[in-house]
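The values are calculated or read from the model by the stated rules, or taken from the named source; none is laboratory data. None of the values given here were measured: they were computed from a predicted structure. Quick reminder, even Gly has a Cβ in these numbers, built from the backbone with ideal geometry, and neighbours come from all protein chains shown.
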Amino acid sequence: MRLFFKLVSMVVLALLSTSVCAQERAAVDDLRERGSVSVASDSVQIDTGESLRVTASKRLEIGQPPRVPPEPNALGVRAFGTVDINALTAQNSFNAVLGTSRVTAFGGGVDVLNIWRGLFLRAAVSTTSKTGSRAFVANGQAVSLNIPLTVSMTPVEVGGGWRFLTRTRATPYVGGGALAQFYSEKSNFAGPGENVSQTNIGYFALGGIEVETVRWLVVGVEAQFRGIPHAIGQSGVSQSFGETNLGGFTTRVLIGVKH
Amino acid sequence: MLKGTSVAVCLIAAAGIVVGTTGRRVRAQTTERRSGVPTARRGIPTVVGPRGPASVYPVMSGARALTFIGAAQRGLDYVPGEVIVKFKSGVSVTGQQRALRALRSRPMVTDLEWISGDTALHRDELEYDAHILSTQLLEQPEVAYAEPNYIRHFQSTPNDPGYAQHQWNFAAIDMPRAWDINPGGTSSLIVAVVDSGITTVSQTFSALTWNGQSTQQISVPFAISPEFSASRFITPADFATGSGAQSIVLDLDGHGTHVASTIGENTNNNIGEAGIAYNVKLMPVKVCFGYWDLQFALSAAGFTGFVPLNAGGCTAAAVASGIRYAADNGAKVINLSLGGFASSSIEQDALNYAVSKGAFVAMSAGNCYQANPACPPMVNPPAYPAALATNIDGAMAVAAVGPSLNHSFYSSAGPYVEISAPGGNDLEGGVNGMIWQATIFPPDSDPSTVIFPRFDRYAEVPYEGTSMAAPHVSGAAALIISQGVTSPAVVEALIKQTARPLGTASGRSDLYGFGLIQPRAALFGFGIK
């Protein structure tokens, strides 16, 4: 048992040291620029009277530019572009028409950071468009009718969340909000009123992690669950399949700048 | 025996003259003379021995023709002395022979006319009551089923003269927009018209016929309809007067040609009217014989006299053979505008076989909604084979509506009706309320007025009946299949789901089935929402 606790303690210390190391490194760099720091093999001495024991000081890279540590309470902005892989809830309906229930969307958005501590607000938009074929469902099986049909979806997300500020480059966050999805279906040979154009209201919940690569550039991955109930299912193949939700699970890769 | 009230009107456009005939049944009861030539007293013709050279057409034997005449005169719905028997699978020839010993005539297995697999037709020379024959065979353990060789009839007839050409029927089912999506179907698709045939050659044949005083050899000219071209015909067959695949088929009635014209007469050719699937190949499968088929056959066999005007029809054996032939030779749509009032297992087997081979079948639902001399005493009996469609995914029973899209007065109703299509209704605007298509010029071959017929002239002629409704569904099915749908069951489901409900806000009714067929909606299909 003692050995177990010892092992756990070592792992925790190692993680903490990695975190502290980054902060100290920035401070040391700052002082070093002012010529008031000396680096020994295993410690840093600062002539202001402060003395820090830096257990990981050997990993310092002296040539790295100085980094200003973020101020947790300073209002910030993150603007980003996104690539989404949407796995749609209405699998059968989209499979019948598009041949797949996974669609790729491109978009962008902006987060307002640190409104209060880790609280942030988000506005984002993405869009996807894919062409398939009108279909008919008989006994649960979809049959293509070879009439081109283009489905477009443009969800606009408005929401917020909480960023878990850490001393690392990685910042996890969670959130949620409402979305308005502009949805359209356009078919060859469609007569008046036969194309679909509508706006659906739904919600989303998200979780992700952001990593700073350089001072201003961030990349991240995010998972979203979107619910857009009662958007389909009154007619079309979605009625045959009894599918009513236009939402789904979205895996998002984002890249952006943060200020 | 012809069913329902129907009209045949021919417009001689150039002269602006309207020529027509009244219903055949009425004329048959009142006319004793034809074209000024005295006729023999009607009845079963008497044998006077062979006369003159054999005609190229028809092929049917005189004895067999006489059998049909006898059936017509006795009002039988089966061919006297003919029974269809299906032996159980695996029964040996010895077993089959044992079963046949139950019949008084004790026929040999080798004397049977085999139709398919274990199914054969037996012609009994001792017992004319086919119900007795079938009962005797049914009692044998080797027999799966036995039934009379029922006679089917066309479910439309020519009627009174008219004066205009109208295809309200195509507008009613939104055909122009359907053609926007699929203009006329694909030329590789085959639609079989199992009916009285479609003339596939332009040629003159010699034939013997009765002129009222003697048997006379005449020249009978035939021509392909100007609304078709020979290249559109494929693998014709004749099970009515021949024994299957033929190099030529001749329509001596006009019914088959009218039906085929609805399915796909040439369109956008500045001639006549339009057809629905005007690019598809047509397979003429003759299973019905009309007045002239019988008349020529009898005269060639040496019989004298005229054939009764109500003689003719289509035997269940021929219908079943025609269905199987069509399916075996690549037809993906089969139209059956014919019917009777007794269920037939051989037809059911053939329908199941055709659907299993990927062929969609449209059948006329019958014309006996109201009391009619051509119908049984009971009102609105189920019509077969249409009534079999309920249990076959991929085969549909088609009822008729008129221009107002209301139920046509004659169109049989019942739980077996699955879909409605324009079949015409002369009670709504006279001939303008009927279905106009190209067929042989009726005054050229109307047996109530003509003794030397010709079949080489065509006109736009109005007919009405569920016979006219079924080809609308066949044509629509041809377009749907051309669009890429291959399963007959899916075609049926698509037609049902896209139908316009009639009579009820939604769902089906006995009068209309699932409603009025909407080919455009079927072709357009569905999006996600």
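Going by what's in this entry, would A:Gln239 be described as under 17 Å from A:Phe94 (Cα atoms) and either more than 14 Å from chain B (Cβ to nearest Cβ) or not in a strand (DSSP E or B) (or both)? So A:Gln239 fits the description; yes.
Helices (runs of 4 or more DSSP H) fully within segment B:287-367 that include at least 2 residues being in contact (Cβ under 8 Å) with a residue 60 or more places away in the chain and of a type in the set (Val, Ile, Thr): B:316-328, B:345-356.
Each residue in segment A:242-259 was checked for being away from chain B (no Cβ under 14 Å) and in contact with a Gly (Cβ under 8 Å, 6 or more places away or on another chain), and 7 of them qualify. In the set A:Asn200, A:Asn195, only one residue is assigned by TED's automatic domain parsing to the domain that holds A:Asn92, in contact with a strand residue (DSSP E or B) (Cβ under 9 Å, 6 or more places away or on another chain) and farther than 29 Å from A:Ala79 by Cβ; that residue is A:Asn195. Count, please, the residues in segment B:406-444 that happen to be small (Gly, Ala, Ser) and either surrounded by fewer than 22 Cβ atoms within 10 Å (Cβ to Cβ) or touching a Lys or Arg at 6+ places or on another chain (Cβ under 6 Å) (or both). Final tally of qualifying residues: 4.
Summed over segment A:103-143, residues that are in a strand (DSSP E or B) and free of Cβ contacts under 8 Å to residues at least 12 places away in the same chain total 3.
Scanning segment A:102-117 for residues that are surrounded by fewer than 18 Cβ atoms within 10 Å (Cβ to Cβ) and of a type outside the set (D, E, K, R) gives A:Thr104, A:Phe106, A:Gly108, A:Val110, A:Val112, A:Ile115, A:Trp116. Determine, yes or no, whether A:Thr250 is hydroxyl-bearing (Ser, Thr, Tyr), modelled with pLDDT under 95 and assigned to a strand (DSSP E or B). No, not satisfied. Annotation: of all residues in segment A:63-100 being buried (at least 18 other Cβ atoms within 10 Å of the Cβ), under 22 Å from the mean Cα position of the chain (by Cα) and at pLDDT 95 or above, the one that is farthest from the other protein chains (Cβ to nearest Cβ) is A:Phe80. Could you go through segment A:177-188 and let me know if any residue there is in a loop (DSSP other than H, G, I, E, B) and either more than 12 Å from every other protein chain (Cβ to nearest Cβ) or buried (at least 20 other Cβ atoms within 10 Å of the Cβ) (or both). For segment A:177-188, residues in a loop (DSSP other than H, G, I, E, B) and either more than 12 Å from every other protein chain (Cβ to nearest Cβ) or buried (at least 20 other Cβ atoms within 10 Å of the Cβ) (or both): absent. Taking every residue in segment B:174-189 that is free of Cβ contacts under 8 Å to residues at least 24 places away in the same chain and pairing it with any residue that is surrounded by fewer than 16 Cβ atoms within 10 Å (Cβ to Cβ), at least 6 positions away or on another chain, yields no pair with a Cβ-Cβ distance below 8 Å. Taken over segment A:196-232, the residue count meeting the criterion of being at pLDDT below 95 and in contact with a helix residue (DSSP H, G or I) (Cβ under 6 Å, 6 or more places away or on another chain) is 0. Residues that are among the aromatic types (Phe, Trp, Tyr) and touching a Gly at 6+ places or on another chain (Cβ under 9 Å) were ranked within segment A:83-121; the one that is farthest from A:Phe182 (Cα to Cα) is A:Phe120.
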